[in-house]
Each structure stands twice: as structure tokens, then as C-alpha cells.
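Participant: Could you have a look at this structure, given as C-alpha cells, before my questions?
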Amino acid sequence: MTSLVDAVWLKKQIEGGNTDLVVVDGTWHMPFWHRDPIEEHKSCRIKGAVYFDQTECKNKAIPIPFMLPPTDVFEEYIGKLGISNETHVVIYDNNDIFGMFSAARAWFVFHCMGHKKLSLLDGGLPKWKEIGGPTESGPFKETKAVSYKASMRPELVRNFEQMVENWSSKKEQVVDARSAGRFTGTDPEPNPKIPSGHMVGAVNLPFVKFIKPDTKTLKEPALLLEEFKKLGLDFSRPVVTMCGSGMTACWIPFVANLCGEREVALYDGSWFEWQSKGSEEAKILGVKGEDLKK
């Protein structure tokens, strides 16, 4: 089953009444965009789509923006959406800036929980509207709860202690998916209270390099692999990805999976955690948003 599906294919599935498929809206927006993904879902969504709230289905016991949910939390949440282990889940998000943004994080959560039938919609809601795909509005879709059993894959996640060990051993290559300005420290983070910058030794691959600026869909596999090659990434060795809070970092494992490369792990705490807890020698700090306003 392909990790990426196009809007034309999905339209045929929906219009053909494919009952084994559930479309999932995984939209999350940066706070400074001043957009409400839930209200947007209610005002316009792909026909029949359910909403996956990434601010709810997470580990709320850890004070970091996005941390993978415990398996029991995921099982209950996904089961209530009417999704079973046999459901083909197609994830999209609504981002007219990039075409796609948060869908890869939702994909990674399902992937990490062992869901097999899993795809991402190329171009998201903007592309869906462009081809005249059916949409609907109104309250959340009513769903019948079903049983779901997760199979957590811990090898796909790294915690702070593991990253500290790796910083010393250099066994795993670290890739940061934030913009170049945030990585180098010249541009502020979205959160004005934390500095930008990066983990010493990490390389930078902004997730937008995977997306065609004209069509806002993913580049062809050969061009995606070229982006990895430019960095000198060696997929015969393990790779770990990070970003600001574990959101856009998930484009790295998604693209690697799509291109048939080895699995890429996620440092879930990402820069939000590392800038605070990492040793001084292991991080380069940049500007802080709240300081720029003074």
C-alpha cells in the first residue's frame, strides 16, 4: 500500500463508496497564523472526514507541546473515530501556505502505533478543492466506536537521554527540519520565550524542500532522495529527526518511507526540550522572539 495517494484516486474511492477507508483531517496550525483548525474542519472538510486533534491525542503528562500519546490513549481516541486496525487511513491537512504541513505528524503517530494501512493525501485540502473533490460542513461527523489495538514501535522514538548518549557517540545522524533561519539562530522560534538555534552536529533540511512551490505537492522520489544526498546522509546508518516541537520533523521519516529507505526515528522533545536541557557545549543558541520586541 502506497504511503502517498493523490486527490483523483481518493475522489474515486469516496464516490465509489469504499467502506474500508476513513479520511482523517490532521490539521494543526502555528499559533501566529491565528487560525482555528477545528472551526475550519467544521466549515469545510473532505466529505466524510473525521478530525484527529493533535493537541488532544498526545501525552499530556509531559510539558512539551507534542509528545506521542500512551498506547491506551491512542487506542481509545482512534477507536472512537470509528477506525479499526483494518481501516485504510488517509490523512490530510488544510494548509494553503505550503499545501501540506501537519499531516506528516499525524501520519507518524499512526505509523509509530503500528497502523499498517496508512497513506497521506498529496497536496492536502487545497489540492482536493482544486480537482473538485466533494466537501461538507457541519459539526464533527458522528462515528460508531470500534475496538483498536495499537502495537507501539519504540524503536521509532528517541527521548532526551538517548539523544544525550547519541550526541557523544555520534552513532545516529541528526536532521533538523526547521527553516534555515531558525536552525542557524538568526530568526526567532514561533514561541517567543525560547531561543532559536540548533543541536551541535545536526544538519538542516527544511521540510519545505520536499514540496513543489508551484503545485504544493511532493516532489518525485528521485528529487526527494536528492535532498538527502545533498546533506550527505547515509541511510546505511541510523537517522534521527527533530524540529521545533516534533511536528514538521515527521516529514523526514515520511519521505524516507515513501522512497523505500530505512526507518527514521523522531526525537519527540525536539528543539523545545534540547534548548532547555541540553548541555552548553551541545547547543548553539540564537535569538529569542521576546528579546527582539524590546
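Participant: Between [x] 58, 49, 40; [y] 57, 41, 41; [z] 58, 54, 40, which entry matches Cα extents along the principal axes in Å as derived from the coordinates of this structure?
Facilitator: Evaluating Cα extents along the principal axes in Å on these atoms matches [y].
Participant: Which residue, Gly201, Gly269, Gly124, tops the fluctuation ranking in a GNM of the chain built on C-alpha contacts under 10 Å?
Facilitator: Between Gly201, Gly269, Gly124, it is Gly201 that shows the largest mean-square fluctuation.
Participant: Taking the Cα centre of the chain as origin, sum charge times position over the Cβ atoms of Lys and Arg (+1) and Asp and Glu (-1), and report the length of that vector in debye to the nearest 20.
Facilitator: Using Cβ point charges on Lys, Arg, Asp and Glu, the chain gives about 180 debye.
Participant: Could you check which residue among Val50, Val73, Val175 shows the biggest mean-square fluctuation in a GNM of the chain with a 10 Å Cα cutoff?
Facilitator: Val73
Participant: Show Asp187, Asp122, Asp214 ordered by accessible area, largest first, where the area counts protein heavy atoms only and the probe is 1.4 Å.
Facilitator: Numbers: Asp187 70, Asp122 25, Asp214 125 Å².
Most to least solvent-accessible, the answer reads Asp214, Asp187, Asp122.
Participant: Can you compute the helix-only [θ] at 222 nm over the chain? Use -39500 (n - 2.57) per DSSP H run of at least 4 residues, normalise by all residues, nearest 500 deg cm²/dmol.
Facilitator: Numbers: 11 runs with 89 residues, N = 294.
After summing the helix terms and dividing by residue count, I get -8000 deg cm²/dmol.
Participant: Report, in degrees rounded to the nearest 10, the 0 to 90 angle that the Cα long axis of helix 103-112 makes with the longest principal axis of the chain.
Facilitator: Tilt of helix 103-112: around 90 degrees.
Participant: Could you pull out every residue, at least 5 positions away or on a different chain, whose amide H is within less than 5 Å of the one on Asn95? Hs are placed 1.01 Å off N in the peptide plane, and Pro or chain starts have none.
Facilitator: For Asn95, whose amide H was placed from the backbone, the distant partners under 5 Å are Leu125.
Participant: Amide H to amide H, which residues 5 or more places from Leu118 or on other chains are under 5 Å from it, using H placed in the peptide plane?
Facilitator: Result for Leu118 returns Val89.
Participant: Also, quick follow-up: Karplus couplings for the stretch 70-79 from phi (6.51 cos²θ - 1.76 cosθ + 1.60, θ = phi - 60°), rounded to Hz, Gly and Pro as x?
Facilitator: Karplus values, whole Hz, x for Gly and Pro: x, 4, 5, 5, 5, 4, 5, 5, 5, x.
Participant: A further question follows. Quick one: how many Å² of Lys141 are accessible to a 1.4 Å probe, rounded to 10?
Facilitator: 100 Å²
Participant: Residue-wise, which Karplus ³J(HN,Hα) couplings in Hz belong to the stretch 151-167, taking 6.51 cos²θ - 1.76 cosθ + 1.60, θ = phi - 60°, and x for glycine or proline?
Facilitator: In residue order, the calculated couplings are 10, 4, 10, x, 5, 9, 10, 10, 9, 4, 4, 5, 6, 5, 4, 5, 4 Hz.
Participant: Output the pairs from Lys12/Lys219; Lys230/Lys283; Lys127/Lys171; Lys47/Lys212; Lys42/Lys283 with a Cα-Cα distance over 30 Å in this structure; if there are none, say none. Write down the numbers at each step before the final one.
Facilitator: On the way: Lys12/Lys219 23 Å; Lys230/Lys283 23 Å; Lys127/Lys171 40 Å; Lys47/Lys212 26 Å; Lys42/Lys283 42 Å.
The answer is Lys127/Lys171; Lys42/Lys283.
Participant: Taking only protein heavy atoms and a 1.4 Å probe, what accessible area per residue, in Å², does the stretch 86-204 have with all protein chains in place?
Facilitator: Numbers: 5030 Å² over 119 residues.
Heavy-atom accessible area per residue stands at 42 Å².
Participant: I would also like to ask the following. Compare Ala177, Ala103, Ala222 in a GNM of the chain, Cα atoms joined below 10 Å, and give the one with the largest fluctuation.
Facilitator: Ala222
Participant: Ranked highest first by average number of other Cβ atoms within 10 Å, how do 237-245, 225-233, 80-88 line up? Don't jump to the answer; show the numbers that get you there.
Facilitator: On the way: 237-245: 22.4, 225-233: 14.6, 80-88: 17.6.
Highest to lowest by the protection proxy: 237-245, 80-88, 225-233.
The values are calculated or read from the model by the stated rules, or taken from the named source; none is laboratory data. As the structure is a prediction and not an experimental result, all values here were calculated from the model. Here Cβ is always computed from backbone atoms with ideal geometry, including for glycine, and neighbour counts include all displayed protein chains. In case anyone asks, the SASA skips ligands and DNA or RNA and just uses the protein heavy atoms, side chains included. Shrake-Rupley method; radii C 1.70, N 1.55, O 1.52, S 1.80 Å.
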